[in-house]
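Engineer: Pasting a structure here, questions to come.
Only the coordinates and a few stated rules stand behind these numbers; no lab work does. This is a predicted model, so every value here is computed, not measured. Note that each Cβ is placed from the backbone with ideal geometry, even for glycine, and that neighbours are counted across all protein chains shown.
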Amino acid sequence: MSKPSSSPTQKFTSRRAFLQGSGLLLGFTMLGAGTRPGFAAAEPVEGDVTAAFSPDAFIRVDSDGKITFILPNIEMGQGTHTGEATLIAEELEVGLDQVKVVDAPPNDKLYATAALGGQATGGSTSMRATWESLRKAGAVARTMLVAAAAAQWAVPISECSAKLGVVTHLPTGRQLAYGALADAAGKQPVPSDVKLKDPKDFQLIGKSLRRVDTAGKVNGAVVYGIDVRVPGMKVATVAACPAIGGKLGDVDETAARAVPGVRDIVRLDNAVAVIGDHFWAAKKGLEALTITWDEGANARLSSADMMNTLKAASKNKTPIMARQEGDVAGALKAAVKTVEASYELPFLAHAPMEPVNCVVHVRADECEIWLGTQVPTQAQGWAAQVTGFPLDKIIVHNHLIGGGFGRRLVAEYVGQAVAIAKQVSYPVKVIWTREEDIQHDLYRPTYYDRISAGLGADGLPTVWIDHVAGGSVLGNYIPGGWPQDKLDDDAVEGAAKPPYDLPVIQVDWVREDPPVPITWWRGVGPTHNVFVVESFMDELAYAVGRDPVEYRRALTKNQPRAAGVLELAAEKSGWGSPLPAGSGRGISLHDAFGSFMAAVLEISVSAAGEITLQRAVVAVDCGIAINPNTVEAQIEGGLIFGLSAALYSGITFSNGRVDQSNFHDYRILRNNEAPKIEVYHVKSLESPGGIGETATVSAGPALANAIFAATGKRLRSLPIDRNQLKSDGADKTSVSMVPPPAAPLLAVLANSRERPETGIETEAEAL
């Protein structure tokens, strides 16, 4: 099935006619990261809000005083609802509690993020993309409301001021609330330019405000995709061919149809679904089926086969150049010393806490869908393709997401759910079990790197060469694929522009697509490339007998933001202070998503090869921190996500099948295994950078470097192989993947209370 990407066709109405309705409506241009800021009043759309060449999002001020912010980005725990509403509220001069946040309907024309090419949430782009545009939208709304009040009072605009949703005439003290001004403000001319606040005047931005969704998550009022129930709904669960790319053969349904509560059985090309009155009936019915699979060409596929293919391609295929500066051959010839290494990175699954799910009701002439997705218009497109209905007959209700991590950037499962629901007359909730989700995910690709450097007399790199080999995510994602001779930037992100002064550099990529579906994973390209770059940077430091932090310091003299986080992390971690035998500290430094981060991880390694995570110290320069608490939360979560992958997670294949199936063999770090995490913020007036994925990138290299510091053993592949860490004489036949017993709940709670409320310091403290 090909991947649809079309957008709905909408009928436009005049902006003036819409603005003269029941309230004031404003549109603003959504900007991609790195684009030139600008504001455009957009043309509204019937049944939607507005439309323009660039996608738009909107503020609505109703005559009853209600302020609504229509948000194009989905909330999946990263704090987008709160962060973007803060931008609006800051310039609109209202409290955050005065703004109601609602999710936008699917519409690429209105709500696309330019950096992602459509209406999507991912790549740590949400706050970067909206930093100026949302503030301008708020400022324009405030300007028009103040102008309306001044006109009503027949006074100069300069004599009026807005605060907390009220316009005040300063000389007389007269006041008008925004709601009372909404109709009149809608008749004011839309200003072509507005002045934004000086950061020193921010009242909300930079404050650790309480999240707008906290209460609803605590009391259960908010609805995730898997929570949805509609009248007459049945529940289905699915089994796909266990071999990658295989098909459905024969099915004996006799026993399944005898299971109480089973209603229907639907056969698809590569899967079979059982529909029941409830999930248990569907699951037991599925287990009762006798299925014969046609496993196809990949029936004997293994991880070793794919890595061997990747290694051969790395050496034999012509690479695509990502970056080349200086005379590489000449610098290599002149080098005093040459160091080289190779690294291997595994496939990774997303394993969100909420497995993928979708409620679908296919009627005679329309299809209605309830789910949580990072790409609502793609979900709409899949449904349109399967049903044959026009896009305006596909209704998508998007809900909160219980973990995305890139998995819900692809909506292929919607196509399967619609195909199932199309066979019955009632609405169906399709739930993929965690086993099905992990074994039929779209994975972070496996990668193989050959990297080398020539060193000068001072031990610093005079030439840096990184050969990256792996699949193209864009080739799997974009309809029609990605040209074989064109660079996929994601494959080299984090490798092509390391935050170091490297006089001669070559980074290239060999494309070798695996016979496995792939997509983005939290941290995208930097999750594999920074592991290679930072592990190898440590190798160079040790090769010439220099301290890893001092070595990086020498290479960041012209990289002030990188140097800033490096120094702060080293200082706060006590870098260089003595540690007990068997313990070590590892450093990682990188620039990703517009943010700079240095992380120091302190660990100990036992004679049995067991790793204890003691402490993590993270210094971040993410520009202006819109909500410092959110920054800290995302760093903590991202670091634990990355450490989980580095320590335990890796998808392997045997006989065409995924070996892992659930959290028992695709481990996630537990609370009692997590290190104490300290976050320090370099105060900055730079535009905000992304933060949701940055710490995930730091985890792997900081861990590998800490292991070397503790044991003298360099591990060049992930996840960590503890057998390589066992002391001589220790049993190396197996290493238990079972975690230590969980600490008693009261002890865990007591430990959590001992942690500081925030590790983010003031400018004076951090600098």
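Engineer: Of the chain, which part is the longest with no GluC sites (Glu not before Pro) in a loop (DSSP not H, G, I, E, B) and with at most 12 other C-beta atoms within 10 angstrom? If you can, show how the numbers build up before the last one.
Structural biologist: Values: sites that count: Glu46, Glu757.
Of all site-free stretches, the longest is 47-756.
Engineer: Can you list residues whose amide H is under 5 Å from Arg323's amide H, if they're 5+ apart or on another chain and H is modeled 1.01 Å from N?
Structural biologist: Val507
Engineer: Could you give the longest part of the chain that holds none of the chymotrypsin sites (Phe, Trp or Tyr not before Pro) found in DSSP loops with at most 16 neighbouring Cβ atoms within 10 Å? Intermediate values should be presented prior to the final figure.
Structural biologist: Values: sites that count: Phe53, Phe202, Phe663.
Longest run free of exposed loop sites: 203-662.
Engineer: Sticking with this one: What is the sum of charges, Lys and Arg at +1 and Asp and Glu at -1, for the other residues whose Cβ falls under 11 Å from the Cβ of Trp153?
Structural biologist: Values: positive: Arg174; negative: Glu159.
Its environment carries a net charge of 0.
Engineer: Residue-wise, which Karplus ³J(HN,Hα) couplings in Hz belong to region 644-651, taking 6.51 cos²θ - 1.76 cosθ + 1.60, θ = phi - 60°, and x for glycine or proline?
Structural biologist: With the stated coefficients, region 644-651 comes to 4, 5, 5, 8, 10, 9, x, 8 Hz.
Engineer: In addition: For every other residue with a beta carbon closer than 15 angstrom to the beta carbon of Lys66, add +1 if it is Lys or Arg and -1 if Asp or Glu, then tell me the sum. Walk me through the numbers on the way to the answer.
Structural biologist: Details: positive: Arg60, Lys100; negative: Asp62, Asp64, Asp97, Asp183.
Neighbour charge sum, excluding Lys66 itself: -2.
Engineer: If one computes the Cα centroid of region 390-453 and of region 154-169, what distance in Å separates the two points?
Structural biologist: 50
Engineer: Could you compute how fast region 594-738 diffuses translationally, taking Rh as the Kirkwood radius over C-alpha pairs and applying Stokes-Einstein at 25 °C with viscosity 0.890 mPa s? Give it in µm² per second. Don't skip to the end; give the middle numbers.
Structural biologist: On the way: Rh = 16.4 Å.
In µm²/s, the coefficient is 150.
Engineer: While we're on this one: Rounded to the nearest angstrom and ordered from largest down, what semi-axes does the equivalent ellipsoid of region 451-522 get from its C-alpha gyration tensor (root of 5λ)? Numbers along the way, then the final one.
Structural biologist: Details: eigenvalues 185, 23, 20 Å².
Semi-axis lengths for region 451-522 are 30, 11, 10 Å.
Engineer: For Leu71, list long-range residues whose amide hydrogen, built 1.01 Å from N in the peptide plane, is under 5 Å from its own amide hydrogen.
Structural biologist: Excluding prolines and chain starts, which carry no amide H, the hits are Val102, Asp103, Ala104.
Engineer: Taking every DSSP beta bridge with both residues inside the chain, roughly what % is antiparallel (nearest 5)?
Structural biologist: Working: 92 of 122 bridges.
Within the chain, antiparallel bridges account for around 75 percent of the total.
Engineer: Show me, bin by bin at 5 Å from 0, the whole-percent P(r) of region 100-192 based on Cα pairs.
Structural biologist: Calculated over all Cα pairs of region 100-192, the distribution is 2, 12, 19, 18, 13, 11, 11, 8, 5, 1, 0 percent.
Engineer: Using the Kirkwood radius built from alpha carbon pairs, what does the Stokes-Einstein equation give as D for the chain at 4 °C and 1.567 mPa s, in µm² per second?
Structural biologist: Details: Rh = 27.9 Å.
Stokes-Einstein gives a translational diffusion coefficient of 46 µm²/s.
Engineer: Scan around Ala236 for amide H atoms under 5 Å from its own, H built in the peptide plane at 1.01 Å from N, and keep only partners 5 or more places away or cross-chain.
Structural biologist: Residues meeting the amide H criterion: Gly276, Lys429, Val430, Ile431.
Engineer: So what are the ³J(HN,Hα) numbers for region 306-316, from phi and the Karplus equation (6.51, -1.76, 1.60; θ = phi - 60°), rounded to whole Hz, Gly and Pro as x?
Structural biologist: Here the 3J(HN,Hα) series is 5, 5, 5, 4, 5, 5, 5, 5, 4, 8, 10 Hz.
Engineer: What shape does region 447-766 have by the C-alpha gyration tensor, where a ≥ b ≥ c are the square roots of the eigenvalues, rounded means a/c under 1.5, and otherwise prolate means a/b greater than b/c and oblate the rest?
Structural biologist: Details: a/c = 1.25, a/b = 1.05, b/c = 1.18.
The shape class here is rounded.
Engineer: Taking θ = phi - 60°, what integer Hz values does the Karplus form 6.51 cos²θ - 1.76 cosθ + 1.60 yield along region 475-487, in sequence order, with x for Gly and Pro?
Structural biologist: Once θ is set to phi - 60°, the couplings for region 475-487 become x, 8, 9, 7, x, x, x, 10, x, 4, 9, 10, 5 Hz.
Engineer: Something else: What does the charge add up to near Pro461, with Lys and Arg as +1, Asp and Glu as -1, over the other residues with Cβ less than 11 Å from its Cβ?
Structural biologist: Numbers: positive: Lys337; negative: Asp458, Asp501.
That sum, taken over residues with Cβ under 11 Å, equals -1.
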